[in-house]
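A short write-up of the structure that comes next.
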Amino acid sequence: MQPILKLENIDKSFPSVKALNRASLNVYPGKVMALVGENGAGKSTMMKVLTGIYQPDAGLIEYQGAAVQFRGPKDSQDQGISIIHQELNLIQELSIAENIFLGREPTRYGKIQWQQLYANVEELLQRLNIKHHPRTRLGSLSIGEQQMVEIAKALSFQSQVIIMDEPTDALTDTETDSLFEVIQQLRDQGQGIVYISHRLKEIFRICDDVTIFRDGEFIEQKPVADLTEDLIIEKMVGRSLDDQFPKADLELGEVCLQVNNLCGNGVVDASFSLRSGEILGFSGLMGAGRTELMKLLYGDAQIHAGEVILNGRTLELHSPKDALTAGIAYVSEDRKADGLVLSMSVKENMSLSSLAEYCTSSGRIEHREERQAVQKFIDLFRIKTPGQNQIIKNLSGGNQQKVAIAKGVMKQPQVLILDEPTRGVDVGARQEIYQLINRFRHDGMAIILVSSDMPEILGMSDRIIVMCMGKLSGEFSREQANQELLMAAAVGKKAEELV
Amino acid sequence: MTTNSASTKIVPQNQDTQIKLFSKAWLFQEKSLIALLLLIVIVSFISPNFFSVDNILNTLRQTSVNAIIAVGMTMVIITAGIDLSVGAVLALSGAFAASLIAQEVNVVLAVIITLFSGLVLGAMSGIIVAQGKVQPFIATLVTMTALRGVTMVFTDGRPISTGYTENADMFSWLGTGYMLGVPVPIWIMVSIFAIGWYLLNHTRTGRHIYALGGNEDATRLSGINVNRIKIIVYSLCGLTAAIASIIITARLSSAQPTAGLGYELDAIAAVVLGGTSLMGGRGRIMGTLIGALIIGFLNNALNLLDVSSYYQMLAKASVILLAVIVDNRNK
């Protein structure tokens, strides 16, 4: 079969790095091509070459059988290549219809032809099975639905090639399912799709072929059927991963955290306990109240009722400061939004919570002591940075995440709450984070692991609590737990009903 | 090491990234300093009267008031805030100072009371921003308007003279005196910048100020009391306005009810010229000093060149616009 879009031997260099080295990618009509690789493997650069944001140093781009050169995103979009970015490019305050035809509204004498606009959009929405009126304000839609609007926008351009960059990262499982239905529908209509994802399970579910990149180089293109998950990982990292979830058995310590009948915004009557050295997983669908519960424990939301007892002492939690002082640290699920100060350096971010320990009583920073402490964690966490004063924005996602975790650990907490600690983190760094988590528990820390990644939570936790609509809907030991049970509890079913 | 993606070279980790002197990045970083030096060199050639000790000291003394206020303004702007009330705080605390001196209150005590009033007036803005969750622009617009009103009530719309006592003479030294041949206001300005630099770069509070401006949510979740930091920066900004008011009042031996009109804009201009981002999280106190000096020397040069004060405003506007465009272009 002839590819509809073909990029061959693309080179692209930047002052300090060669981002692409003879990289190739083929997109076939009516097929879904997965593009995988670690962070920094060159996927994003390839997409920027493909959409004309970057011009390649060398190589050939062929589209519909002819060599082309894209002058910019608008050019490639006009020619039928659409990209749906991880961060959605939509305007919250405008309606669905206004978003889809932004800048291309059908007009007559300068007046927008609303009837025609709404009719066009209505048709698109029906095709994608989106049950919203075109005049609905975009901001009132869920993230998943907004993503569907992006896809509708891509379709409105009559796109032949649609690129999706980590589309399921912010989606619930049901939303993911309906996204996959749409992808299948598009494929059957003959569109070529590029699907970029860290989630290998999804690739086996939805993709026909896989292209693997490593360090800016093309490694392999193969049908999905000829590959296994382990094989893909091996080719991505260039080495074999013996065990994705390194887990050492450990004698658990005493109960250190006891939560009794905790109620707050989005959380109803939560009670559980946690032993030192234990990893307690929290599973559930998005919006089940997991992050809300963690914010209660961390003093960042108001506790309406119930109590939190740490080492026999009932805590007064009115602010994150109270929680940190008591010995509870929290690593946020969204490091860009509220985990890190992106304009500050690695050092300044890492020591932000524990700066008082490196200060004199008058508040003067002891720079030497701060540097030494930060260096210890950079070495321990294997954080790849040119120096402590590097602005954190310039680090890769995995290294940023390590700094965010180090910030919490530096405070030497008794309880460490990790909310989606590997989201947007590549496979190699992911495994290093798992190893770190195991190391913390050996040091006697108690860990709460909130994750939407099923294999991760099953692989790492000693015990798993599932939440559904603000309530704890199930608790499983490591031995009992499996994906079906967790999912059943997550949707509020009793395990027996499922079988 | 069994780490991943080895595509980027890793420099030894304990070596901090430092910008080489006179490299392109350095030139860009120090562009306001270069602009200031260029300005001084060019004007020295055009006007023979410019490069004299008297003229330079005179210009520095004139600049000191704006520069001191700009120190407080820098801190507020680094937290992504803004303080429009500094001119009004200056007028009111100046009126306090003048009436205290006129009533023959001891100079030291009068100065302390005046500084304290500035601190409290600034804290009011800070409390409205922090506890009231009001946008800084609106909050300080409110305090600005209110304090202008209070000043008019307090002074009855008339200047307050410090009188002709020995006390008043001692007080006026703060604005007109010399130490080691250098005007006192310049000494005050230099000390305030030294303290501001120390606070921002070497204390925990300074670090928290940058963090707050960079990302308020992340700062709060890092266990920092962000409301406290907000109240601190607006208080310090009020304090610097009060310090400036003492210099002005001492120099004129009287407090004008309309003193400090438009000073907030000059202070903001100095901060922006110095490279501090209005978006918060980024900025250097020494940049602000350079920014204030650029405005000061530009005014002085245009005066020496007999340019009408109407055109001076246009010149100032052009310089600020140019600075911001250059800064954005290279981001």
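The values are calculated or read from the model by the stated rules, or taken from the named source; none is laboratory data. Since the structure is predicted, the reported quantities are computational estimates derived from the model, not experimental observations. Cβ sites come from the backbone with ideal geometry, for glycine too, and all protein chains shown count toward neighbours.
Any residue that is part of a strand (DSSP E or B) and free of Cβ contacts under 8 Å to residues at least 12 places away in the same chain - is there at least one of those in the stretch A:43-51? No, that holds for no residue.
When the stretch B:220-237 is limited to residues that are more than 22 Å from A:T360 (Cβ to Cβ) and of a type outside the set (A, V, I, L, M, F, W, C), the one that is nearest to the other protein chains (Cβ to nearest Cβ) turns out to be B:R220.
Selection of helices (runs of 4 or more DSSP H) fully inside the stretch A:319-401 by the criterion of at least 3 residues being facing chain B (nearest Cβ under 7 Å) returns A:320-326. Each residue in the stretch A:436-472 was checked for being within 14 Å of chain B (Cβ to nearest Cβ) and at pLDDT below 90, and 0 pass. Within the stretch A:198-228, the residues that satisfy the criterion of being closer than 25 Å to A:D453 by Cα and among the basic types (K, R) are A:R199, A:K201, A:R205, A:R214.
This table checks each residue for (1) under 30 Å from B:H208 (Cα atoms); (2) out of contact with any helix residue (DSSP H, G or I) (no Cβ under 9 Å at 6 or more places or on another chain); (3) at pLDDT 90 or above.
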position	(1), (2), (3)
B:A244	yes, no, yes
B:I247	no, no, yes
B:R251	no, no, yes
B:I285	yes, no, yes
B:T288	yes, no, yes
B:A292	yes, no, yes
B:F297	no, no, yes
B:S309	no, no, no
B:A315	no, no, no
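Across the stretch B:185-203, the qualifying residues are those that are in contact (Cβ under 8 Å) with a residue 60 or more places away in the chain and more than 14 Å from every other protein chain (Cβ to nearest Cβ), and the one among them that is farthest from B:S64 (Cα to Cα) is B:G196.
Looking across the stretch B:232-260, the residues that are over 17 Å from the mean Cα position of the chain (by Cα) and surrounded by fewer than 24 Cβ atoms within 10 Å (Cβ to Cβ) come down to B:R251, B:L252, B:S253, B:S254, B:Q256, B:P257, B:T258. Number of residues in the stretch B:64-103 that are touching an Asp or Glu at 6+ places or on another chain (Cβ under 8 Å) and outside any helix (DSSP H, G or I): the value is 4.
Scanning the stretch A:156-167 for residues that are surrounded by 21 or more Cβ atoms within 10 Å (Cβ to Cβ) and either under 27 Å from A:Y118 (Cβ atoms) or within 19 Å of the chain's Cα centre (by Cα) (or both) returns A:S159, A:I162, A:I163, A:M164, A:P167. Applying the condition of being within 22 Å of A:P320 (Cα to Cα) and touching a residue at least 24 places away in the same chain (Cβ under 8 Å) to the stretch A:346-373 and asking which residue is surrounded by the fewest Cβ atoms within 10 Å (Cβ to Cβ) yields A:S354.
Residue-wise test of (1) surrounded by fewer than 17 Cβ atoms within 10 Å (Cβ to Cβ); (2) over 19 Å from B:T63 (Cβ atoms).
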residue	(1), (2)
B:G262	yes, no
B:F297	no, no
B:A301	no, no
B:L304	yes, no
B:Y311	yes, yes
B:I325	yes, yes
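Here the condition is being at pLDDT 85 or above, within 26 Å of the chain's Cα centre (by Cα) and within 13 Å of another protein chain (Cβ to nearest Cβ); of A:L20, A:L50, A:L35, it holds for A:L20 alone. In the set (1) at the interface with chain B (Cβ under 8 Å from one of its Cβ atoms); (2) at pLDDT 90 or above; (3) more than 30 Å from A:C256 (Cα to Cα), A:G428 fails one condition alone, (2). Considering the stretch A:117-140, the residues that are in contact with a helix residue (DSSP H, G or I) (Cβ under 7 Å, 6 or more places away or on another chain) and aliphatic (A, V, I, L, M) include one that is nearest to A:G30 (Cα to Cα), namely A:L128. Looking at the structure I just gave you, is A:V182 over 23 Å from A:Q126 (Cα atoms) and either part of a helix (DSSP H, G or I) or touching a helix residue (DSSP H, G or I) at 6+ places or on another chain (Cβ under 9 Å) (or both)? Here the answer is no, as A:V182 does not meet what is asked. Before we move on, is B:V86 closer than 20 Å to B:G214 by Cα and under 12 Å from the mean Cα position of the chain (by Cα)? So B:V86 does not fit the description; no.
Name every residue in the stretch B:191-245 that is outside any helix (DSSP H, G or I) and not hydroxyl-bearing (S, T, Y), in order of residue number. Passing the criteria: B:N215, B:G223, B:I224, B:N225. Just give me the residues in the stretch A:405-425 being surrounded by fewer than 23 Cβ atoms within 10 Å (Cβ to Cβ), more than 23 Å from A:I465 (Cβ to Cβ) and within 11 Å of another protein chain (Cβ to nearest Cβ), in sequence order. Matches in the stretch A:405-425: A:M410, A:K411. Flag: B:G126 matches the condition of being part of a helix (DSSP H, G or I), of a type in the set (G, A, S) and closer than 20 Å to B:S245 by Cβ. Of the residues that make up the stretch A:92-102, is at least one surrounded by 13 or more Cβ atoms within 10 Å (Cβ to Cβ), touching a residue at least 12 places away in the same chain (Cβ under 8 Å) and part of a strand (DSSP E or B)? Yes, because at least one residue in the stretch A:92-102 is surrounded by 13 or more Cβ atoms within 10 Å (Cβ to Cβ), touching a residue at least 12 places away in the same chain (Cβ under 8 Å) and part of a strand (DSSP E or B).
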